[in-house]
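Q: Okay, here's the structure, questions in a sec.
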Amino acid sequence: MDSWVVGQIAFWYTVYEISPTTVVDKLIEFWLDLTIPGRGTGGSNWLLRQVRTLEQTTERSSRELDIRRNLRSWDHRYPEIHHELIVRYVAGALVSVAATSLYNSFRRPSRPPQGYY
């Protein structure tokens, strides 16, 4: 019963205190880092390196705008399941599981396990 209370407190505290915009920004940044190719090799010329950097920056910003546009359309299409609410609940569930596991690892068992005499 007490581990349930610890999980509930951790869940609701996280739901109220988390900043979903920060989490969404970090997730979008992480996704863009995974999907957009890096600098790579070649282009020993300064001009070619600058052109490649410009292309990558342009592609990154256009993909970020597409992701944010899709999030806005999701929010308009499903207003009862707003993406920020989903972020809050998922973060709350993760923190609740972590807090309950941590609490159970520090808690002493009230009686010895069966089979050991």
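The values are calculated or read from the model by the stated rules, or taken from the named source; none is laboratory data. Bear in mind that the values here come from a model prediction, so they are computed numbers and not experimental data. Every residue, glycine as well, gets a Cβ built from its backbone with ideal geometry; the counts of neighbours run over all protein chains shown.
Q: Across segment 99-109, what is the number of residues that are part of a helix (DSSP H, G or I) and either surrounded by fewer than 11 Cβ atoms within 10 Å (Cβ to Cβ) or within 15 Å of the chain's Cα centre (by Cα) (or both)?
A: Final tally of qualifying residues: 2.
Q: Only one of R49, R69 is modelled with pLDDT of 90 or more and of a type in the set (K, R). Can you tell me which? I'd like the intermediate steps shown before the answer.
A: Details: R49 fails: modelled with pLDDT of 90 or more.
After ruling out the rest, the residue left standing is R69.
Condition check ((1) modelled with pLDDT of 80 or more; (2) in contact with a Ser or Thr (Cβ under 7 Å, 6 or more places away or on another chain); (3) assigned to a helix (DSSP H, G or I); (4) charged (D, E, K, R)) across all residues:
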position: G7; (1), (2), (3), (4): yes, yes, yes, no
position: D25; (1), (2), (3), (4): yes, no, yes, yes
position: F30; (1), (2), (3), (4): yes, no, yes, no
position: G42; (1), (2), (3), (4): no, no, no, no
position: Q56; (1), (2), (3), (4): yes, no, yes, no
position: E59; (1), (2), (3), (4): yes, no, yes, yes
position: S62; (1), (2), (3), (4): yes, no, yes, no
position: L65; (1), (2), (3), (4): yes, no, yes, no
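Q: Now, a different point. Is there a residue in segment 82-90 that is outside any helix (DSSP H, G or I) and at pLDDT below 90?
A: First pass over segment 82-90, keeping only residues outside any helix (DSSP H, G or I): 82.
Next, only the ones that are at pLDDT below 90 stay: 82.
Within segment 82-90, one or more residues are outside any helix (DSSP H, G or I) and at pLDDT below 90.
Q: Which of the residues spanning segment 67-81 are of a type in the set (S, T, Y) and either assigned to a helix (DSSP H, G or I) or closer than 17 Å to L27 by Cβ (or both)?
A: S73
Q: Still on this model: I'd like to check something: does segment 63-71 contain any residue that is under 30 Å from A99 (Cα atoms), basic (K, R) and loosely packed, with under 14 Cβ neighbours inside 10 Å?
A: no
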